[in-house]
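Notes follow once the structure below has been shown.
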Amino acid sequence: MSGLNKVVSTYDQALAGIQDNMTIMCGGFGLCGIPEGLIQSIYQRNIKGITCISNNAGVDGFGLGLWLEKRQIKTMIASYVGENALFEQLSISGEMEVILTPQGTLAEKIRAGGAGIPAFYTATGYGTMVAAGKETREFNGKMYVMEPSLIADFSLIKAWKADKFGNLIYKKTARNFNPIMATAGRITVAEVEEIVEPGELNPDEIHTPSIYVQRVIQGSFEKRIERLTINESQ
Amino acid sequence: MKLSREQIAKRIAQEIKTGYYVNLGIGIPTLVANYISDDVEIMLQSENGLLGMGAYPTNAQVDPDLINAGKETVTAARGASFFSSAESFAMIRGGHVDLTVLGAFEVDQQGSIASWMIPEKMVKGMGGAMDLVAGAKNIVVAMNHTSKSGESKLLNKCTLPLTGLKCIHKVVTDMAVLEIKSDAFHLIEVAPGISTNDIKDATQGKLIISDNVKQMEL
């Protein structure tokens, strides 16, 4: 790794500097577009006390479900976590704090964090328990809730293609939270399917410009499907 | 006779006009897509980052990188686009989605909705529901009129934690179509074989029965 070349060859290099009690963003929606190798690697390193920001929490034994197994997460900030039994157990027992956040608010908190905006107002959640204790304000006759933005020590994201400078392209709905988390990590690590030379990606088609990405690692992906639904009529 | 889930979906499909961008929630709302006629040209938005959701894939079409907000494998329709979660909710919060259909546990006469949490039961999270009810221009709630034990779900005030405050204007139940305005449920249509008295008995919130209640066409 030198100059603008962000490519690293080992997970040790990809996660250099990671410690207990950090805030880590993890891209993906369900199991779609998750940085599988980076998740596995944090699991193997037994990093503890993680404040984890991710839309979901994986399934039992896969994705962020692995971190739950080893009780690595102290606080989970997510919008929907219903897919695994261990999560339920840890949240009910109080071993893990859970901050449920509306999905759009979560996305905007991350987007704002990455853009240097400390907080914003949204109508989402006004009059519900999500707004409890938060500042509210009227604009043009409608009530809004102030939501502080989010940043992370590390953002672990998954992309389809990268060039060596860290320009990224995502595939289909595996994009989801990845591009916004790329902007909100002090260190953003992109685990990708393919790495090409700078100049090979069409600049018009780049989703995440390289400035947001500190490290790029070639991964291998199982891409487990959470709900296989087939059109039988065709 | 109370309507089946499919019949509720069929009635809601009549609300969808050509040119609409529509977000369908999980459960009965998902079924609505099956009853939109071919001459109605619409795009389905899936909040994980897909505008132009197509049918479920064939075995050969299955792609783990292409799912909907229910985490089901889907296809992309002609003219579809993919985008980030922030972009997706900009569409929703910015009021660009023409119609949102979602389920509910309770709705009240002020138009507040409870759909995400039952205290003492496992809380899975609100997902995008709070954003959808706060942002959509036009929301139709699909629900059963009463619980299995016969208690009304159309209340004067929601008892469960809210998803959104005073944001619902139309409800399609297994018994009726109702509009919510001026702090009351206004009965617009009844299901075949259901009387206005049945609706009175099944509605705990304030109910106004207009002079020209129609029978639902299915």
Exercise for review: Would you mind checking the pairs B:K153/B:K181; B:K71/B:K157; A:K134/A:K161 and listing those with alpha carbons more than 29 angstrom apart?
Suggested key: B:K71/B:K157; A:K134/A:K161
Practice item. Note down the net charge around B:L3, summing +1 for each Lys or Arg and -1 for each Asp or Glu among other residues with Cβ under 14 Å from its Cβ. Key: -1
Exercise for review: Whole Å is fine, so just give me how far the alpha carbon centre of the range A:156-234 lies from that of the range A:25-47.
Suggested key: 13
Point to revise | Rounded accessible area of A:R71 (nearest 10 Å², 1.4 Å probe) | key: 100
Practice item. Please give the per residue accessible area of chain B, computed with a probe of 1.4 Å over protein heavy atoms only, in Å². Key: 43
Check your understanding: To the nearest 100 Å², how much accessible surface do chains B and A hide from each other in total, with a 1.4 Å probe?
Key -> 3900
Check your understanding: Which residues' amide hydrogens lie under 5 Å from the amide hydrogen of B:V190, considering only partners 5 or more residues apart or on another chain, with H built in the peptide plane?
Key -> B:V177, B:K214, B:Q215, B:M216
Practice item. Could you pull out which residues in the range B:87-103 have an amide N less than 20 Å from a spot 7 Å beyond the Cα of A:I117, following the Cα-Cβ vector? Key: B:87-97
Point to revise | Inter-label distance, nm, simple model (7 Å from Cα along the C-beta direction), B:K2/A:I211 | key: 5.8
Exercise for review: Among the aspartates and glutamates, select those whose C-alpha is under 20 Å from the C-alpha of A:K6, and discard any that sit fewer than 8 residues away in the same chain.
Suggested key: A:E36, A:D153, A:D163, A:E191, A:E193, A:E194, A:E197, A:E200, A:E205
Exercise for review: Compute the accessible area of each residue in the range B:81-102 twice, once for its chain alone and once with every protein chain present, using a 1.4 Å probe on heavy atoms, and list those whose area falls by at least 10 Å².
Suggested key: B:F82, B:F83, B:S84, B:S85, B:A86, B:F89, B:R93
Review point. How much accessible surface does A:L100 have with a 1.4 Å probe, in Å² rounded to 10?
Key: 40
Review point. In a GNM of chain B with a 10 Å cut-off on Cα contacts, which of B:M143, B:M43, B:M126 has the highest mean-square fluctuation?
Key: B:M126
Review point. Relative to the longest principal Cα axis of chain A, at what angle does helix A:36-45 sit, 0 to 90 degrees, rounded to 10?
Key: 80
Study note, to complete from the structure: FRET efficiency (A:N5, A:Q40; Cβ distance; R0 25 Å; to 0.05) is 0.50
Revision key, fill the gap. Summed over the other residues with a beta carbon less than 15 angstrom from that of B:E41, with K and R at +1 and D and E at -1, the charge totals -1
Check your understanding: Once phi is turned into ³J(HN,Hα) by the Karplus curve 6.51 cos²θ - 1.76 cosθ + 1.60 with θ = phi - 60°, what whole-Hz value does each residue of the range A:108-125 show in order, with x for glycine and proline?
Key -> 6, 4, 6, 4, 5, x, x, 9, x, 9, x, 6, 8, 9, 9, 6, 4, x
Check your understanding: Among B:N23, B:N34, B:N156, which one shows the biggest mean-square fluctuation in a GNM of chain B, springs joining Cα atoms closer than 10 Å?
Key -> B:N34
Exercise for review: Would you mind telling me the share, in percent, of accessible area of the protein assembly as shown contributed by carbon and sulfur at probe 1.4 angstrom?
Suggested key: 48
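The values are calculated or read from the model by the stated rules, or taken from the named source; none is laboratory data. The structure presented is a predicted model; accordingly, all values stated were derived computationally and were not measured. Neighbour counts are summed over all protein chains in view; Cβ atoms, including those assigned to glycine, are modelled from backbone coordinates with ideal geometry. Protein only, heavy atoms only, side chains kept; ligands, DNA and RNA dropped before computing areas. Shrake-Rupley method; radii C 1.70, N 1.55, O 1.52, S 1.80 Å.
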